[in-house]
Ligand SMILES: NC(=O)c1ccc[n+]([C@@H]2O[C@H](COP(=O)([O-])OP(=O)(O)OC[C@H]3O[C@@H](n4cnc5c(N)ncnc54)[C@H](O)[C@@H]3O)[C@@H](O)[C@H]2O)c1
């Protein structure tokens, strides 16, 4: 998809992989909203790129919250003219054994990781898809592109990664299911879903 003047929502865009995406998108002339919990670094990155002439904005958002992400989608529509691309980068990890010296894995930490990584990704997909359905299709009939971030841990997790691997396996399954794709295509949305499977980089 041509990125110039397209609206892109990047969750977790304040740091790491998300921030790298934001920089590349800004260089390509896209208009970007960074949706992240970390206002300090998110605002700083957006201000830096705006100082270079790019259309980059910050929306403080928790991907696991419906209200918060709806607001970030609305900000993208208002500031960028629509949501044409969604890149899901927000993610957290815990390292905890299923049964460690201190006892069993905390249920709260397992739920927290699933809530942010898996449910947060789904929350962004469904709200962005609704916004993309309003876009005028390109000549190729495309209204939007959604990119999710999984991990090699989805297939080959390490000790202590039960929650993280489960969340990333869920993202792979959710992205690849024919049902999800055909649902979107049958609705005439013309959206593409893709997941990226990074190996290791400093988090
Ligand atoms: N670092 C690695 O080696 C590695 C490998 C494979 C996959 N990944 C995945 O890549 C993605 C980015 O990883 P990274 O290393 O750049 O991480 P990072 O910690 O540098 O960035 C993650 C960003 O997500 C934000 N975030 C966390 N919880 C959030 C929430 N509830 N709502 C909104 N924003 C939230 C953080 O504030 C942070 O800015 C993650 O999904 C991670 O699981 C990372």
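The values are calculated or read from the model by the stated rules, or taken from the named source; none is laboratory data. Values in this document were obtained by computation on a predicted structure and should not be read as measured data. Reconstructed Cβ throughout: ideal geometry from the backbone, glycine too, with neighbour counts over all protein chains shown.
Descriptive notes on the structure:
- Tally of residues being assigned to a helix (DSSP H, G or I) and away from the ligand (no atom under 11 Å from the Cβ) across region 152-177: 12
- Checked against the criterion of being at pLDDT 90 or above and surrounded by fewer than 18 Cβ atoms within 10 Å (Cβ to Cβ), region 185-197 contains not a single residue that satisfies it.
- Within region 83-121, the set of residues being more than 15 Å from the ligand (Cβ to nearest atom) and farther than 30 Å from residue 73 by Cβ comprises 96, 97, 98, 99, 100, 101, 102, 103, 104, 105, 106, 107.
- Residue within region 17-29 that is at positive phi and more than 13 Å from the ligand (Cβ to nearest atom) present: yes
- Qualifying positions in region 105-141 - outside any helix (DSSP H, G or I) and either crowded, with 21+ Cβ neighbours inside 10 Å or modelled with pLDDT of 95 or more (or both): 105, 106
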